[in-house]
Protein chains: 2
Amino acid sequence: MAILGFLRDFPLHGYDLKNRVAALAGHVRPIADGTLYPTIKKLEDAGCLTRRTAPGSVAAPRHMLEITQDGTDQLRRWLRNPEPVFITDDNKWYVLLAFLHHLENAREQSIVLARRREFLDQPTQLFFDEHGRPIPADQLDSPFRKGLMQIHRSFNLGEIDWLDSQIAELDRRAGYTVRQRTGD
Amino acid sequence: MAILGFLRDFPLHGYDLKNRVAALAGHVRPIADGTLYPTIKKLEDAGCLTRRTAPGSVAAPRHMLEITQDGTDQLRRWLRNPEPVFITDDNKWYVLLAFLHHLENAREQSIVLARRREFLDQPTQLFFDEHGRPIPADQLDSPFRKGLMQIHRSFNLGEIDWLDSQIAELDRRAGYTVRQRTGD
DNA sequence: GTACTCTACCTCGGAGTCGATATATATTCT
DNA sequence: AGAATATATATCGACTCCGAGGTAGAGTAC
């Protein structure tokens, strides 16, 4: 998704892609060569991108990669209907968010944000005692677990606020569109 | 790490472990049977845990798992000297944090928190233009990328605050210990 | 009575990822 | 001259993990 998402903005070569993915997921983990190049090949075989050999600006020749219409369609399918783990795994969710603007329909964007919003709404209970009873944050012995729950909670609330404002804005825009269309 | 970390508190059976890991990493992803049971077996073969068959409270018989001294040692090694990805990957870091109290030495705990703190201190630049120039948050076209950077920044600042206060507290405690020792 | 659900364990195949290794070119440092 | 570093691409074996499937006991709904 990150490869096609970056290529949707402008053509890039593998090495550049690697650095951009590493920066985006930088706080997560850089992508390994052994992952990147086979994935590029797979996407090429699937017709999602084409390559043109160009002289390297500094050293060895580059393979400039360009996204195709099929690639754009594939990217939009992934964004429009993301697998559950892209909603629940923070790392994957942030990668998705970085490319969500490639879904051009505000309504579709709003639906994806709403899925994340719904997920964050679920009460999270992280720790339990011997008998399976939930332990509230203030009764935890470990200051690390206390901090973990506290940080987790405040972070969730912050993201929920942001999601709500974004969803409202997107729905307002989509609403205008619908009204304009139905107003014909 | 999560398996040994939970067993360090009290013995559990596989099914219970699965639910606890799912709750801890609940906002991430639940652990699959195909991951859990082979991992339990691997830890058993490595002498990190022992199992005792007990009648199931409701249905099939359970395998109650208990951590051994070797298992405790292994857990402490993982916590004391975590691989880089446990510092940089949020998901893994939070799992580590949930069990850091099993490192009983305040100095050692503090060193691990300091590694995370140092990592968070690095300026994060997520997006670049065609020419590789960094794009500041306020110049991004996508509201999702803007939100991503904004949330990321505020979250980092929050965690840094917490880390600083924890490190100070731990060092204060470790300092007392050293002073008492050297004062003999 | 029988279908469904929850508990509880286990295995196998496949997908994805990493890390090591290899190949080359150009620049910079010593 | 030689070494180190950065650019740039590619492959291979090993490892991890998931998902689908299987086994089984006990309770619950219809």
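The values are calculated or read from the model by the stated rules, or taken from the named source; none is laboratory data. What you see is a predicted model; the values in this text were computed from it and never measured. Methodologically, a virtual Cβ is constructed for each residue, glycine included, from the backbone with ideal geometry; neighbour enumeration extends over all protein chains shown. Just the protein is used for accessible areas: all its heavy atoms, side chains included, with ligands, DNA and RNA removed. Shrake-Rupley method; radii C 1.70, N 1.55, O 1.52, S 1.80 Å.
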Practice task
Sort through A:Phe127, A:Phe119 and tell me the only one that's touching a helix residue (DSSP H, G or I) at 6+ places or on another chain (Cβ under 9 Å) and surrounded by fewer than 18 Cβ atoms within 10 Å (Cβ to Cβ).
Solution key: A:Phe119
Problem - Residues of segment A:103-116 classified as of a type outside the set (Gly, Ala, Ser) and open to solvent by 30 Å² or more (accessible area, probe 1.4 Å), total - result: 6
Completion exercise
The correct count of residues that are at pLDDT below 95 and open to solvent by 40 Å² or more (accessible area, probe 1.4 Å) in segment A:147-168 is 4
Completion exercise
Checking B:Leu36, B:Leu100 in turn, the sole residue that is away from DNA strand C (no atom under 16 Å from the Cβ), open to solvent by less than 70 Å² (accessible area, probe 1.4 Å) and not assigned by TED's automatic domain parsing to the domain that holds B:Asp121 turns out to be B:Leu100
Completion exercise
For segment B:34-45, pairs from a residue that is on the phi < 0 side of the Ramachandran plot to a residue that is open to solvent by less than 70 Å² (accessible area, probe 1.4 Å) and within 11 Å of DNA strand D (Cβ to nearest atom), with Cβ under 7 Å and 6 or more apart or across chains, are B:Leu36/B:Lys18; B:Thr39/B:Ile3; B:Ile40/B:Ile3; B:Leu43/B:Ile3
Fill in the blank from the handout: Counting only residues in segment B:130-144 that are open to solvent by 20 Å² or more (accessible area, probe 1.4 Å) and in a helix (DSSP H, G or I), the one nearest to the other protein chains (Cβ to nearest Cβ) is identified as B:Pro143
Exercise for the section: Give the residue that is nearest to the chain's Cα centre (by Cα), with candidates limited to residues of segment B:39-52 that are away from DNA strand D (no atom under 13 Å from the Cβ) and open to solvent by 80 Å² or more (accessible area, probe 1.4 Å). Expected result: B:Arg51
Practice task
Identify all residues within segment A:3-33 that are open to solvent by 20 Å² or more (accessible area, probe 1.4 Å) and of a type in the set (Gly, Ala, Ser); write none if there are none.
Solution key: A:Ala22, A:Ala23, A:Gly26, A:Ala32
Exercise for the section: Could you please tell me which pairs satisfy a Cβ distance under 6 Å, a separation of 6+ or placement on different chains, a first residue in segment A:52-80 that is assigned to a strand (DSSP E or B), and a second residue that is modelled with pLDDT of 95 or more and among the charged types (D, E, K, R)? Expected result: A:Ile67/A:Arg8
